[in-house]
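Working notes for the structure below.
Only the coordinates and a few stated rules stand behind these numbers; no lab work does. The structure presented is a predicted model; accordingly, all values stated were derived computationally and were not measured. Note that each Cβ is placed from the backbone with ideal geometry, even for glycine, and that neighbours are counted across all protein chains shown.
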Amino acid sequence: MITRDAAGQIAECLASAPFAGEIVVVDSGSSDDTVEIARRCGARVIVHPWQGFGPQKNFAVAHAAHDWVLCLDADERVSPELGAAIGAALVSTPAAIAFAMARRNRFLGRWLRHGEGYPDWIVRLFDRRHARWTDDPVHENVTTAGSIARLSGDLLHASAESLDAYIAKQNRYTTIQAEAMHTRGERASVARLVASPLARFVRFYVLKLGFLDGVAGFAHIAIGCFASFMKYAKLRALSAVEPQ
């Protein structure tokens, strides 16, 4: 787990994974009691300067004592069903070298069941000898050349952040994404600027039935669409200031 100022969440998260052979927490300079709480929960805490999400998670994985690792965020909880599925997957020779789990997101006080909110399939359990996190500074993911299987049970993303904080986070993330894309030489056409948020809305609100999650579902998808627009708008802004 990588952390910073997660004192209000970390204990419940760690308690949801009692099956872990060890707990490694890499903290990037918390100003609250995150480190002390993690240690009281039995974690081995390593303080390490922030490097971006992907590099920070790879640093944490490299310091684990075992090859099979489960990577969690402080605002996530392993449901009992998922915990049982993890145990069953690893009780003998695993059927894959990485496992994806369905993350269920809570937004505006409601557990989402459709759209972007569920099932949000993500790989979090893997054999570090054959898989790793990408080095992306944000929206990192696990890459592997081997097989990936799916586990039953939900990973509960119980974020308690306010709507203001959520929107502010999207603003930060889109800035980081735009800067990374610009560094790679990518450019945003007008068509991409317009089509990306529209396609996202159709996919998640219509095709994946996000409308069934009511106001919370609409707001979650609408903010995601706006974030997509902002990412490409910021990329165009960066390109506009390049010397001609």
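Qualifying GluC sites (Glu not before Pro) in the stretch 1-89, where qualification requires a DSSP coil assignment and no more than 14 other C-beta atoms within 10 Å, comprise 22.
For the chain, the relative contact order is 19 percent, taking Cα pairs closer than 8 Å that sit 6 or more residues apart in sequence and dividing their mean separation by the residue count.
In nanometres, what is the gap between the two model label sites at residue 19 and residue 148, each 7 Å from Cα along Cα-to-Cβ? The two pseudo-label positions are separated by 2.0 nm.
Give me the extension gain from residue 162 to residue 139: residue separation times 0.36 nm, minus the current Cα-Cα distance, reported in nm with one decimal.
Details: separation 23, 0.36 × 23 = 8.28 nm, distance 2.04 nm.
6.2 nm is the gain from fully extending residue 162 to residue 139.
I need to check one value: relative contact order of the stretch 104-237, counting alpha carbon pairs closer than 8 Å and at least 6 residues apart, in percent.
Numbers: 146 pairs, mean separation 45.7, N = 134.
Computed over the stretch 104-237, the figure is 34 percent.
Shown is the FRET efficiency for residue 237 and residue 91, computed with R0 = 41 Å from the Cβ-Cβ distance and rounded to the nearest 0.05: 0.20.
For a Förster distance of 22 Å, can you work out the FRET efficiency between the beta-carbons of residue 180 and residue 48, rounded to the nearest 0.05? Between residue 180 and residue 48 the formula returns 0.55.
Between residue 187 and residue 129, what is the FRET efficiency for a Förster distance of 35 Å, r being their Cβ-Cβ separation, to the nearest 0.05? Provide the component values of the computation, followed by the final result.
Numbers: r = 38 Å, r/R0 = 1.08.
It comes out at approximately 0.40.
Taken about its Cα centre, the stretch 98-244 carries a charge dipole of about 240 debye when Lys and Arg each add +1 at the Cβ and Asp and Glu each add -1 at the Cβ. Listed by chain and number, the aspartates and glutamates whose alpha-carbon sits under 17 Å from that of residue 234, ignoring those within fewer than 8 places in the same chain, are 179, 186, 242. Taking the number of Cβ atoms within 10 Å of each Cβ as an exposure proxy, the fewest-first ranking of 66, 220, 157 is 66, 157, 220.
Put in line by how crowded their Cβ is, counting other Cβ atoms within 10 Å and starting with the fewest, 19, 229, 107 read 19, 229, 107.
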